[in-house]
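Step one of this worksheet: look at the structure below.
The values are calculated or read from the model by the stated rules, or taken from the named source; none is laboratory data. Everything quoted here is computed from the prediction, not taken from an experiment. Neighbour counts are summed over all protein chains in view; Cβ atoms, including those assigned to glycine, are modelled from backbone coordinates with ideal geometry. The accessibility values were calculated without ligands, DNA or RNA, using every heavy atom of the protein model including side chains. Shrake-Rupley method; radii C 1.70, N 1.55, O 1.52, S 1.80 Å.
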Amino acid sequence: HALRDKTVLAFTPAEVQEIQLARGTDAPAVVQRQAEDTWRLTAPVNAKADPQQVRGMIQRLHDVKVQVFIVEDTTDLESYGLQTPAWHVSLHIGQDHTPVTLSLGKVDSERKGVYAKYDDATRVFLLPQELWDNLPKTATVLRDKTLMKYEREHVTRLEIQAPNEHIVIANTGPRQYTMEQPVQTPGDGEAIYSLLWDIQDLKAKDFVAETPDALDLYGLDAPRRRITVWEKAPTAQEATQHELLLGAEAPDGQGIYARLGEGPVIYLVGNTEAQRIMSKTAFDLRNKKIFAFTADKVQKIRLQYPAANFTFERHGNAWKLTEPQKQDI
């Protein structure tokens, strides 16, 4: 065993062009490489794939080693759960799409492994259970769950429409914003920048419907929030508009229904994450500072009370009281 080659799948990750994976007797999910690190699901739905999930799966399959060689030739695949494999993957390598295949069967909890074999072979070997635990089992896991993709530094405008409030914010510089509606006032740069992060970081928990019959089933015919983000990169001629709609709460508090603009897909997003966005009001996003100054540039302070006045003046790094009488403090 020590001298045997324990490589499971011999391939170069960068040469993988297509992945087909299926659980049990389900129809396979198919992921195809579009560019260097861009992947797309082509079955069972046509949608963007999560490059991190795909990259992680490929790397795990590349790195995994045989833990134990169980049997060299057997007709009793059922004992190992390999007659009808629990999970099957086929990697298509290179320009000629040469297939490299692997089937996984039962998990052996005592040995902390999962039984496996090559698609057309009868040799059974044991792989680390960690491989099974971390492999995506469904197309949903492989699907890109990010809703809004933009660079916060390139956002020029933000608009939030709610039933009882309409907020419009314009970017005036790095992390500097002006609120235009409902009142003309400076914006709270940190609060707005944080909100843009929460919107950008919102992920789908589930894909509820690809082509819904009616939007009112999800509260998206009259959404509770309509959030529009305008993004303009330095080299772009025009700004790109991103729109997120947040609708009704799903049964049993599972989440909140969401939609991207006029897109057909209905998403389910987390309650906590959505409420963090929906709870923001104009008051939360406006600048609440009464005085705007830099503390280390203040040279003089005067406090006026009904019965007395106090004046302090800076002398270098020290402060002195000058009124009502001069003294060090």
Let's test the formula: R0 of 45 Å, r as the Cβ-Cβ distance of Lys326 and Ile290. What FRET efficiency results, to the nearest 0.05?
0.95
Could you work out what % of the accessible surface of the chain is carbon and sulfur, using a 1.4 angstrom probe and leaving DNA, RNA and ligands out of the count?
48
Considering only C-alpha atoms, what is the centroid distance from the range 300-329 to the range 27-76, in Å?
72
Given a 1.4 angstrom probe, what's the average accessible area per residue across the chain, in square angstrom?
56
How long is the gain from Gln237 to Gln184 if the chain were fully straight, where each residue apart is worth 0.36 nm and the alpha carbon distance is subtracted?
16.3 nm
Farthest positive-ward along the range 228-329 dipole, Cα basis, beta-carbon charges - from Gln241, Thr311, Val269
Thr311
Give the calculated FRET efficiency between Glu151 and Gln95 to the nearest 0.05, with a Förster radius of 45 Å applied to their Cβ-Cβ distance.
0.85
Using a cut-off of 21 Å between alpha-carbon atoms, which lysines can reach Lys6, once sequence neighbours fewer than 8 places away in the same chain are excluded?
Lys65, Lys106, Lys112, Lys117
So how strong a dipole does the chain carry about its Cα centre when Lys and Arg Cβ are +1 and Asp and Glu Cβ are -1, to the nearest 20 debye?
1440
Return the sequence-ordered ³J(HN,Hα) values of the range 75-88 in whole Hz as given by the Karplus equation 6.51 cos²θ - 1.76 cosθ + 1.60 applied to θ = phi - 60°, using x for Gly and Pro.
9, 9, 6, 4, 4, 9, x, 10, 5, 10, x, 6, 8, 9
J(HN,Hα) series, the range 244-254, from Karplus relation 6.51 cos²θ - 1.76 cosθ + 1.60, nearest Hz, glycine and proline x
10, 10, 10, x, 7, 7, 6, x, 6, x, 5
When the Cα centres of the range 223-249 and the range 79-102 are compared, how far apart do they sit, in Å?
41
Set the Förster distance to 25 Å, then compute FRET efficiency between Ala191 and Lys300 from the Cβ-Cβ distance, nearest 0.05.
0.20
Might you report the magnitude of the Cβ-based charge dipole of the range 289-329 about its Cα centre, with Lys and Arg at +1 and Asp and Glu at -1, to the nearest 20 debye?
120
Hey, in the GNM for the chain with a 10 angstrom Cα cutoff, which one of Glu18, Glu231, Glu165 fluctuates hardest?
Glu165
Virtual spin-label span in nm between Ala14 and Glu36, 7 Å along Cα→Cβ
0.9
Among Thr172, Thr138, Thr84, pick out the residue whose Cα is farthest towards the positive end of the charge dipole of the range 81-180, where Lys and Arg carry +1 and Asp and Glu carry -1 on C-beta, about the Cα centre.
Thr84
The extension gain from Asn271 to Val107, computed as 0.36 nm times the residue separation minus the Cα-Cα distance, is 55.6 nm
Charge tally for neighbours of Thr156 with beta carbon under 12 Å away, counting Lys, Arg as +1 and Asp, Glu as -1, is -2
Spatially proximal lysines relative to Lys232 (Cα-Cα < 30 Å; intrachain offsets below 8 disregarded)
Lys48, Lys145, Lys149, Lys203, Lys205, Lys280, Lys288, Lys289
Summing +1 per Lys or Arg and -1 per Asp or Glu among the other residues with Cβ less than 15 Å from Pro234's Cβ gives -2
Add +1 for every Lys or Arg and -1 for every Asp or Glu among the other residues with Cβ under 12 Å from the Cβ of Ala47, and state the total.
+1
